[in-house]
Amino acid sequence: MCRYRLTVQISANSQQVDGGGWVTAITFTKSTIIDAQDRAQAIALRDLLNQPEPARNPTGTPMWDRAYGMSNRECWQWQIAARHSSCLTQILQTAGIDWPDQGTPDIDLPVITINLATY
């Protein structure tokens, strides 16, 4: 069995445009390793994000609006359009991956990229 590297990026554009017409964007990136004995968590994350419909939180609300996925032999990657960055915590906790609430920036309408690669 192998280990996995989970890398997450949360990106968003500012609502402000400067005098030259430029929009400021910001991206937060964080990685963690999922050890071989926790392989079930990586598989649960993969299966959750590959569902034909968005997963729902305990209140019945979809966790994300749209998700686009791609994969090859060594990794899976999803881009998620969400209403708030807190959906990342919901997704990872649903898959059983320990990701603290205070570890996620507070961003409205982010694009979240989740990359799960063999390591």
### Query
How far is it, in nm, from the label point at SER14 to the one at GLN77 when both lie 7 Å from their Cα along the line to the Cβ?
2.7 nm
### Task
Sketch the reach of a paramagnetic label on THR7 as a point 7 Å from Cα along Cα-to-Cβ, and name the residues of region 26-52 whose backbone nitrogen lies under 12 Å away.
29-32
### Query
In cubic angstrom, how much convex hull volume per residue do the alpha carbon atoms of the chain span?
116 Å³
### Message
Using a probe radius of 1.4 Å on heavy atoms only, what accessible surface per residue do you get for the chain? Whole Å² is fine.
### Response
62 Å²
## Note on the structure
So the compactness index of region 69-119, its C-alpha Rg divided by 2.2 N^0.38 Å, takes the value 1.20
## Note on the structure
P(r) of region 1-62 over all Cα-Cα pairs, 5 Å bins starting at 0, rounded to whole percent, reads 4, 13, 13, 15, 16, 15, 9, 7, 5, 2, 0
### Message
At 7 Å along Cα-to-Cβ for each site, give me the label-to-label distance between THR59 and ARG39 in nm.
### Response
3.8 nm
### Query
Using alpha-carbon pairs under 8 Å, 6+ residues apart, how would you state the relative contact order of the chain in percent?
32 percent
### Message
Students often check this: by mean Cβ neighbours within 10 Å, which of 50-61, 103-114 ranks highest, and how do the rest follow?
### Response
103-114, 50-61
### Query
Given the C-alpha centroids of region 1-72 and region 103-118, what is the distance between them in whole angstrom?
4 Å
### Query
Leaving out ligands, DNA and RNA, what percent of the accessible area of the chain is carbon and sulfur, probe 1.4 Å?
48 percent
### MRE, 222 nm, helices only [DSSP H, n ≥ 4, -39500 (n - 2.57), over the chain, to nearest 500]
-5000 deg cm²/dmol
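The values are calculated or read from the model by the stated rules, or taken from the named source; none is laboratory data. Since this is a predicted model, take the numbers as computed values, not measurements. Cβ atoms come from the backbone with ideal geometry, glycine included; neighbour counts cover every protein chain shown. For the accessible areas, the whole protein counts, side chains as well, though only heavy atoms, and no ligand, DNA or RNA atoms are used. Shrake-Rupley method; radii C 1.70, N 1.55, O 1.52, S 1.80 Å.
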